[in-house]
Amino acid sequence: IEGDRMSKFTEQFRAKYNDYPADWAIMGYEGMQILAQAIQKAGTLESDAIVKAVEQTRYDGLRGPITFRGLDHQGTVGSYIGTVAKNDKYPFKTLTGVKYLPAESIWPSPAEIEQARAAVK
């Protein structure tokens with residue numbers, strides 16, 4: 001994933017750990033940033049207040065914008081698709097011809113989730 005924020009994160013990660021960040025490092029970083037933002041917005045460590053703050057959060061993450069659906073508290077993170085290929089810039093294969101798919105375009109809608117929940121009751 002290209003971009004100034006991702007480049008800076010990768011540079012700082014490599015400086016500290018002498019390695020490239022795995023996707024889990026990126027998700028962990030974003031998760032903690034989101035939690036910190038929600039706690040600050042809630043003004044308390046009370047869990048219900050934090051949940052409410054998370055539901056109202058929009059975080060401009062390293063992987064793109066992230067919001068949270070009140071219906072199921074899922075973080076709406078988009079996906080990247082492309083072709084895995086050798087990249088002389090890195091010691092591992094990367095995606096080429098990358099296309100970003102916003103979460104809203106690939107995730108089930110709230111109506112679809114409600115329908116699926118009703119079907120299993």
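The values are calculated or read from the model by the stated rules, or taken from the named source; none is laboratory data. Remember, it's a predicted structure, so these values are computed and weren't measured experimentally. Here the Cβ is made from the backbone with ideal geometry for all residues, glycine too, and neighbour counts use every protein chain on show.
For Glu30, the conditions (1) modelled with pLDDT under 95; (2) acidic (Asp, Glu); (3) touching a Gly at 6+ places or on another chain (Cβ under 6 Å) are fulfilled apart from (1). Residue pairs whose Cβ atoms lie under 7 Å apart, sitting 6 or more positions apart in sequence or on different chains, and linking a residue in segment 9-27 that is touching a residue at least 40 places away in the same chain (Cβ under 8 Å) to a partner that is in a helix (DSSP H, G or I), are Phe9/Tyr29; Tyr20/Thr10; Tyr20/Arg14. Can you find even one residue in segment 104-114 that is touching a Pro at 6+ places or on another chain (Cβ under 9 Å), closer than 23 Å to Gln56 by Cβ and either modelled with pLDDT under 95 or acidic (Asp, Glu) (or both)? Taking every residue of segment 104-114 in turn, none turns out to be touching a Pro at 6+ places or on another chain (Cβ under 9 Å), closer than 23 Å to Gln56 by Cβ and either modelled with pLDDT under 95 or acidic (Asp, Glu) (or both).
Applying the set (1) assigned to a helix (DSSP H, G or I); (2) loosely packed, with under 10 Cβ neighbours inside 10 Å to Arg117 leaves exactly one unmet item: (2).
Looking only at residues that are of a type in the set (A, V, I, L, M) and assigned to a strand (DSSP E or B) in segment 66-98, which one is nearest to the chain's Cα centre (by Cα)? Going through the qualifying residues, I end up with Ile66.
One residue stands out in segment 47-76 among those that are modelled with pLDDT of 90 or more and among the hydrophobic types (A, V, I, L, M, F, W, C): the one that is farthest from Ala25 (Cα to Cα), namely Ala49. When restricted to residues that are more than 30 Å from Ala53 (Cα to Cα) and surrounded by 12 or more Cβ atoms within 10 Å (Cβ to Cβ), segment 82-110 contains 5. The residue that is nearest to the chain's Cα centre (by Cα), counting only those in segment 22-65 that are surrounded by fewer than 15 Cβ atoms within 10 Å (Cβ to Cβ) and part of a loop (DSSP other than H, G, I, E, B), is Ala22. If I ask for residues that are closer than 19 Å to Val98 by Cβ and outside any helix (DSSP H, G or I), which ones from segment 1-21 would you list? Within segment 1-21, Ile1, Glu2, Gly3, Tyr20, Pro21 qualify.
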